[in-house]
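What follows is a short report on a single structure.
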Amino acid sequence: MVALKEPDTKLPVPSQSKTQNLHLESTLKDLSLYDFQVECSHPGKEVAQTFQENPLLPGVILTDQGQFVGMISRRRFLEQMSRPYGLELFLKRPLYSLYRFASADVLRLQGETPIVEAARRSLQRSAQMLYEPLVVELEVGTYRLLDVHQLLIAQSKIHELTTKLLHEQTQAQLIQTEKMASLGQMLASIAHEIKNPVGCITCNFDFLNNYCEKIIAVLLAYEGEITEKSESLAELKQEFDIEFIVEDLPKILTSMATGSDRLTKIVGGLQYFSHLSETRPQPADIHECIENPLIILNNRLNKAGINVIKNNGDIPPVNCYSGQLSQVFMNLISNAIDALTDKLSEQATGSKTWQPQIEITTEIVQRSAADWLSVRIADNGLGMPPEIQQRIFEMFFTTKPVGKGTGLGLTISHQIVTQKHGGELLLHSQPETGTEFQVLLPLQ
């Protein structure tokens, strides 16, 4: 019996038949595999006849009472048959006798083996074995044959897909870089335009507060000096509720001063992000690089009721690209907020004892007898399963719904930390417990 893996197929299919549906993670089971198995007790003429009828068949799998024994390739079979007296010796005798002369080391791989890995292992064989077919074990006791030519065509197709993907990623990264540079210029302009009027308001608050105190003092002095008030003045005082105004005005001024101070901090945060296109590293306060994203994300933090715990170590100024590091911390904190928000949604009808929390710790650590800055951003959210952790820094990989995630945030963050700063971005996560990202930067 000769057949391919496809149902009811009796003749070999061209080796390119399945390459149109390949992707980067395709495995051997995604290829067209030959199913040709013969008991080793059968005579060799059965195999010879099958090879004659199916010229593309790469070999035959030998079994003994259904158990795998080995494989004889078409090439080795024909070599033995072409030897002097080969036909007389092997055509009528059991295949096992031929197998003793024609057997060779067989490359046997699991059906889940990636095509790229299988091609690499196939090409690592000796020159004599280079074109021998592969035996693919789909499951325990189920074997198929794979022609090397088909494997190499599949590898070539995957190489084309990889090249195309790399080109797309490069273009996407260039677009993202251009967007970030434009964003930096826009933020710098906006921050400058906002900073001047905000500065004017903030600087005049002290004067305004002082003037109001004096006016209130004068009004109270008049109140004490004038014992007899006209009826119209008494009505006006009651209509305007002067007593309440005198009591409430200082509170309003204090609230406005707080709002102005917060607006000043937000503008300062925007100015940090306007440094995205800075050309060389400069000393910066790492705590400011962390604080500015927290200011910008404050509304999301408050809305979700997330408690932020900051463990600030004694950190000297760090030579870095401050705007780009702020972008990294913005991405990491934003992802932590998303994870905590998802867990809040899951526990909306469940236990109320859990409280969402983000803990940010900065410290100096020793690595290879050198000082490194460590910034750990940990949440007590849902955590990540291992299969997601393995791909978390891949470009375009995201677990967020369409329209809410681009799959570029962590990739760009990883590049900023590793390539721009010579550091490391590490992930520690446990499902249902939480996630921690650790930024490590060498201190020069």
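The values are calculated or read from the model by the stated rules, or taken from the named source; none is laboratory data. Note that the coordinates shown come from a computational prediction; the quantities given were computed from them, not determined experimentally. Ideal geometry is used to build each Cβ from the backbone, glycine not excepted, and the neighbour counts take in all protein chains shown.
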Q. List pairs: first in the range 429-444 and within 18 Å of VAL417 (Cα to Cα), second of a type in the set (Lys, Arg), Cβ under 6 Å, 6+ apart or cross-chain?
A. GLU436/ARG376; GLN438/ARG376
Q) Within the set of pairs 6 or more residues apart or between chains, which connect a residue that is without any contact (Cβ under 8 Å) to a residue 40 or more places away in the chain inside the range 140-154 to a residue that is hydroxyl-bearing (Ser, Thr, Tyr) and part of a helix (DSSP H, G or I) with Cβ atoms less than 9 Å apart? A) LEU152/SER122
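Taking SER156, is it part of a helix (DSSP H, G or I), outside the structural domain of PHE36 (by TED's automatic domain parsing) and at pLDDT below 70?
Details: part of a helix (DSSP H, G or I): yes; outside the structural domain of PHE36 (by TED's automatic domain parsing): yes; at pLDDT below 70: no.
No; evaluated as a whole, the condition is false for this residue.
Quick check, is LEU294 over 19 Å from LEU441 (Cα atoms) and either assigned to a helix (DSSP H, G or I) or assigned by TED's automatic domain parsing to the domain that holds GLU436 (or both)?
The answer is yes for LEU294.
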Q) So is ILE115 within 19 Å of GLY59 (Cα to Cα) and either aliphatic (A, V, I, L, M) or modelled with pLDDT of 90 or more (or both) or not? A) no
Q.
Between VAL439, VAL417, which is closer than 13 Å to VAL328 by Cα, in contact with a strand residue (DSSP E or B) (Cβ under 6 Å, 6 or more places away or on another chain), at pLDDT 90 or above and not in a strand (DSSP E or B)?
A. VAL417
Q: Specify which of the listed residues (ILE364, ILE309, ILE333, ILE358) is surrounded by 21 or more Cβ atoms within 10 Å (Cβ to Cβ), touching a residue at least 24 places away in the same chain (Cβ under 8 Å), assigned to a strand (DSSP E or B) and on the phi < 0 side of the Ramachandran plot.
A: ILE358
Q) Yes or no: ILE290 surrounded by 12 or more Cβ atoms within 10 Å (Cβ to Cβ), at pLDDT 80 or above and out of contact with any Asp or Glu (no Cβ under 7 Å at 6 or more places or on another chain)? A) yes
Q.
When the residues of the range 87-102 are narrowed to those that are crowded, with 16+ Cβ neighbours inside 10 Å and in contact with a strand residue (DSSP E or B) (Cβ under 8 Å, 6 or more places away or on another chain), which ends up farthest from SER41 (Cα to Cα)?
A. ALA102
Q.
Exactly one condition in (1) under 26 Å from ASP261 (Cβ atoms); (2) within 22 Å of the chain's Cα centre (by Cα) is false for ALA339; which is it?
A. (1)
Q. Of all residues in the range 121-141, which are of a type in the set (Asp, Glu) and within 12 Å of ALA104 (Cα to Cα)?
A. GLU132
Q | Residue match in the range 74-86 (condition: part of a strand (DSSP E or B), assigned by TED's automatic domain parsing to the domain that holds VAL140 and surrounded by 14 or more Cβ atoms within 10 Å (Cβ to Cβ)) | A | no
